[in-house]
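This report refers to the structure that appears directly beneath it.
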Amino acid sequence: MIHRPRRNRKSGAVRGLVQETSVSVSDLIFPLFLTEGKNTKTEIKSMPGTYRFTVDNLLKEIDACMNLGVHSFALFPNIAEALKDKYAVESYNEKGLYLRAIREIKKEFPESCIISDVAMDPYSSDGHDGIVENGEILNDETLEVLGQMALVQAQSGSDIVAPSDMMDGRVGFIRDILDDGGFTKVSIMAYTAKYASAFYGPFRDALESAPKFGDKKTYQMDPANQREALIEAELDYSEGADFLMVKPALPYLDVIKLLKDNFDIPIAAFNVSGEYAMVKAAAANGWIDGDKAMVESLTSIKRAGAKVILTYFAKEYATYIRSK
Ligand code: PBG
């Protein structure tokens, strides 16, 4: 035998030399849920180890994360049902929970990177990402709301706005509004290939944002489609996106690779709530080793081509790496 591939696996030191992929804490974005109130932190049942924080406690959590090297946070608000309406008006309330939280975080942690969510569903009485009329999700009318949301988020200090709505034309629409408002430095992380996925269930529990009727199949992509992701990516790239995101991550590694091979801007992947919940549930039953499954999941997502990973494991991974 001339080639014995096992020679390169013979010890930890040699395996370290030939290891092709490793996940750094600086690759990670930590999604955080916020809620109204004072000094509380409520665990989300379907996401053990993940909490909804009131703003005061959110600041403490961010402080702990910053000390672990996690510097980037994607914020998602749980909005009281009474404040939701058809047009998501609460989303641009300057005194509302979300914009207040962004301002407070950026004041206390100016070196953090805040990724704000641009979509109507947390504030929509219909539980959809766009304006609903006669059971239909309106595209162009929704853009006006998204543009306004992105602008107020930028004004509040957001570093990156991340449209997660899947309306057509929103990246260009938002870019124009940001530039006209003087926010040329605010980046856009586009949820480019966002699939109509069963893996968002626990997130919708966290936000209490499940659609009141129907599903999201007229705007989110069909899980069966890969080539269609290129159409979305070409549009988002040409409209000025700074990052292209694939979501969920593990069931769509082929899509991550496809975008990585075809575009030169950084690819992000969202390791979503259901992916997290599955690992946690199996680990809690003693069916898998949770730490190893976490590391393997994140490594696979990075190996497929994602530079940036949004993951509920961010803090846990940073803690784990430190203990090694
Ligand atoms: C909606 C949104 C969703 C997620 C992020 N933004 C769910 C949905 O489309 O219904 C899911 C994230 C997760 O599951 O972790 N704008």
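Bear in mind these aren't lab numbers, they're just calculated from the coordinates by the rules spelled out. In this text the structure is predicted, and so the values were computed from the model without any measurement. As a convention, Cβ positions derive from the backbone with ideal geometry for all residues, glycine included, and neighbour counts pool all protein chains shown.
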Run down the aspartates and glutamates and flag those whose C-alpha is under 14 Å from the C-alpha of residue 95, throwing out any fewer than 8 positions away in its chain. 36, 104
14 Å beta-carbon shell around residue 236, net charge (K/R +1, D/E -1): -4
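If the viscosity is 1.306 mPa s and the temperature 10 °C, what translational diffusion coefficient in µm²/s does Stokes-Einstein give for the chain when Rh comes from Kirkwood over Cα pairs? Intermediate values should be presented prior to the final figure.
Values: Rh = 20.3 Å.
It diffuses with D of about 78 µm²/s by this estimate.
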One quarter of the C-alpha convex hull surface, i.e. the mean projected area of the range 209-307 in nm², amounts to 7.9
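Mind scanning 86/216; 60/324; 41/280; 280/302 and naming the pairs with a C-alpha gap bigger than 23 Å? Present the calculation step by step, with values, prior to reporting the outcome.
On the way: 86/216 16 Å; 60/324 25 Å; 41/280 19 Å; 280/302 20 Å.
Violating the 23 Å limit, Cα to Cα: 60/324.
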Where does the Debye-calculated log10 I(q)/I(0) of the range 1-146 sit at q = 0.10, 0.13 Å⁻¹, using only Cα point scatterers of equal weight, no solvent? -0.50, -0.70
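Starting with the highest mean, order 222-229, 141-148 by the number of other Cβ atoms within 10 Å, averaged over the residues of each peptide.
Numbers: 222-229: 12.8, 141-148: 20.1.
The densest-packed peptide leads the list: 141-148, 222-229.
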10 Å-binned pair-distance histogram of the range 69-162 (Cα, whole percent): 17, 48, 26, 7, 1
Given the rule -39500 (n - 2.57) for each run of at least 4 DSSP H residues, summed and divided by the residues of the chain, what is its mean residue ellipticity at 222 nm, to the nearest 500 deg cm²/dmol? -12000 deg cm²/dmol
When 9, 52 are arranged by how many other beta-carbons sit within 10 Å of their Cβ, fewest first, they go 9, 52
Test of understanding: ordering 320, 252, 219 by Cβ neighbours within 10 Å, fewest first, what list do you get? 320, 219, 252
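Which peptide among 197-210, 31-44 comes first, and what is the full order, when sorted by highest mean count of other Cβ atoms within 10 Å? Display every interim value, and only then the final one.
On the way: 197-210: 19.0, 31-44: 16.6.
Sorting 197-210, 31-44 by mean packing, highest first, produces 197-210, 31-44.
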